[in-house]
1. I'd like to check something: does the stretch 254-275 contain any residue that is closer than 26 Å to residue 232 by Cβ and part of a helix (DSSP H, G or I)?
2. Tell me, please, whether a residue that is within 19 Å of the chain's Cα centre (by Cα), under 14 Å from residue 267 (Cα atoms) and not in a helix (DSSP H, G or I) can be found in the stretch 233-245.
3. Only one of 465, 487 is surrounded by fewer than 18 Cβ atoms within 10 Å (Cβ to Cβ) and modelled with pLDDT under 85; which?
4. Before we move on, is residue 238 under 30 Å from residue 281 (Cβ atoms), free of Cβ contacts under 8 Å to residues at least 60 places away in the same chain, outside the structural domain of residue 281 (by TED's automatic domain parsing) and in contact with a strand residue (DSSP E or B) (Cβ under 9 Å, 6 or more places away or on another chain)?
5. I need a count of the residues in the stretch 1-12 that are modelled with pLDDT of 70 or more and farther than 19 Å from residue 45 by Cα.
6. Can you name every residue in the stretch 367-401 that is surrounded by fewer than 12 Cβ atoms within 10 Å (Cβ to Cβ), in a loop (DSSP other than H, G, I, E, B) and touching a strand residue (DSSP E or B) at 6+ places or on another chain (Cβ under 9 Å)?
7. Look at residue 139 and say whether it is at pLDDT below 85 and either in contact with a strand residue (DSSP E or B) (Cβ under 7 Å, 6 or more places away or on another chain) or not assigned by TED's automatic domain parsing to the domain that holds residue 232 (or both).
8. Criterion first (over 23 Å from residue 407 (Cα atoms) and modelled with pLDDT of 80 or more) does residue 318 satisfy it?
């Protein structure tokens with residue numbers, strides 16, 4: 001038995017003296033009281049680990065037993081002559097054992113052994129409880145920290161959400177978000193005005209069921225369906241507005257993915273481009289009018305220059321002939337630029353179409369280089385066409401596609417170095433035939449490779465450039481090629497020339513019906 005076990009004896013007379021002596025001999029810390037109230041006070045203050053009670057003092061001692069149970073104090077009964085009733089009562093009270101008031105050493109050791117086991121078990125429980133309390137305090141501290149972090153994160157989230165909603169609400173474009181089930185979850189005020197639907201009515205409803213500006217709603221519904229098939233959609237919709245003239249709304253629809261890369265919905269951005277559209281229309285109309293007005297005096301200049309060159313107005317000396325040839329050459333050049341302006345208006349018109357037909361490849365390429373042979377000879381440029389192994393028929397607007405090809409050739413001849421080389425080729429590939437124009441000229445700065453197809457854009461300064469042109473050739477070529485379902489690709493480095501190429505539109509058997517309808521019309 002550990003000497004640290006504190007034992008209290010509740011007894012009086014000779015029995016108390018004998019028990020105290022026996023416990024002291026066993027090495028315990030022992031104290032004696034003769035009143036129940038004093039024992040209850042000592043137990044309640046947790047000053048003892050074990051209480052030895054003389055049965056003679058147990059009358060009315062229920063409070064003492066309660067105090068022992070509540071304060072983890074082990075109980076031992078002491079009696080002059082133990083009987084079976086005493087042992088039964090000891091079991092009922094949960095006592096560690098029964099001693100005589102004058103116990104021998106063996107009895108004391110046996111009871112103390114049981115007492116030691118109970119105290120040790122109690123200490124283990126207390127230790128576990130203490131560890132549990134420490135762990136509980138640590139868990140509580142961590143939970144508090146997590147709660148504080150969550151609160152901070154929540155506040156940051158709502159602040160970011162508030163900023164985002166403020167931006168979306170005040171942005172100049174209309175924003176509509178539709179979830180993966182096709183229901184509207186967000187619509188800003190600009191979208192409300194354009195679609196003619198209030199957000200509180202639209203949110204939670206399938207987009208196709210909305211009622212408002214039906215032309216625009218129908219167009220957006222179609223774009224949402226197409227975007228749902230993993231295809232971004234951009235187009236301009238013409239909308240009839242009873243309060244205004246025609247409106248032109250650019251609709252940009254794309255899928256939205258969540259953090260796992262799974263579809264989360266579809267976002268549509270609506271932008272009113274009426275002003276820009278009308279400005280472009282007016283500009284194109286103006287250019288078309290100017291171009292047609294220039295044709296009339298130009299026709300007269302060409303006619304009179306031709307008459308003079310042929311001697312219809314009298315014989316010319318050598319110097320006069322050179323002047324007439326120069327007038328004719330510049331007239332042809334000016335006519336070529338006027339044609340580009342006229343084609344520009346047609347290319348950007350909403351009803352632009354093509355007269356496609358089946359064209360043999362050899363017929364299409366015949367005479368392709370003829371307009372550029374003389375300029376190439378003047379600058380000692382080797383101009384070559386290679387189409388080895390290329391066969392088949394094209395399904396294209398012959399004149400438009402030829403114009404696009406010649407625009408690329410003209411651009412290559414213009415920027416090739418003197419004494420250089422321009423190679424035009426048609427090469428078979430897995431998907432069809434690739435038309436390519438390559439030169440060894442000054443090349444194109446990578447910064448401008450995306451802009452060279454813009455209308456009127458030129459890399460050179462317009463006031464100091466060495467090459468002529470209005471910056472329309474590549475723009476027209478790109479429009480024609482894209483109308484034929486292809487795309488011009490450019491590869492170039494400064495000082496290493498440039499390579500322009502695109503896929504030619506080959507004729508396929510399933511297009512026979514389209515050709516037949518075109519012929520019948």
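1. Checked the stretch 254-275: at least one residue is closer than 26 Å to residue 232 by Cβ and part of a helix (DSSP H, G or I).
2. Yes, there is a match, as at least one residue in the stretch 233-245 is within 19 Å of the chain's Cα centre (by Cα), under 14 Å from residue 267 (Cα atoms) and not in a helix (DSSP H, G or I).
3. When all the criteria are applied, what remains is 465.
4. Considered against the rule, which asks whether it is under 30 Å from residue 281 (Cβ atoms), free of Cβ contacts under 8 Å to residues at least 60 places away in the same chain, outside the structural domain of residue 281 (by TED's automatic domain parsing) and in contact with a strand residue (DSSP E or B) (Cβ under 9 Å, 6 or more places away or on another chain), residue 238 comes out as no.
5. 2
6. 388, 389, 391 - these are the residues of the stretch 367-401 that are surrounded by fewer than 12 Cβ atoms within 10 Å (Cβ to Cβ), in a loop (DSSP other than H, G, I, E, B) and touching a strand residue (DSSP E or B) at 6+ places or on another chain (Cβ under 9 Å).
7. No.
8. It is true that residue 318 is over 23 Å from residue 407 (Cα atoms) and modelled with pLDDT of 80 or more.
The values are calculated or read from the model by the stated rules, or taken from the named source; none is laboratory data. Because the structure is predicted, anything quoted here is derived from the model rather than measured. Quick reminder, even Gly has a Cβ in these numbers, built from the backbone with ideal geometry, and neighbours come from all protein chains shown.
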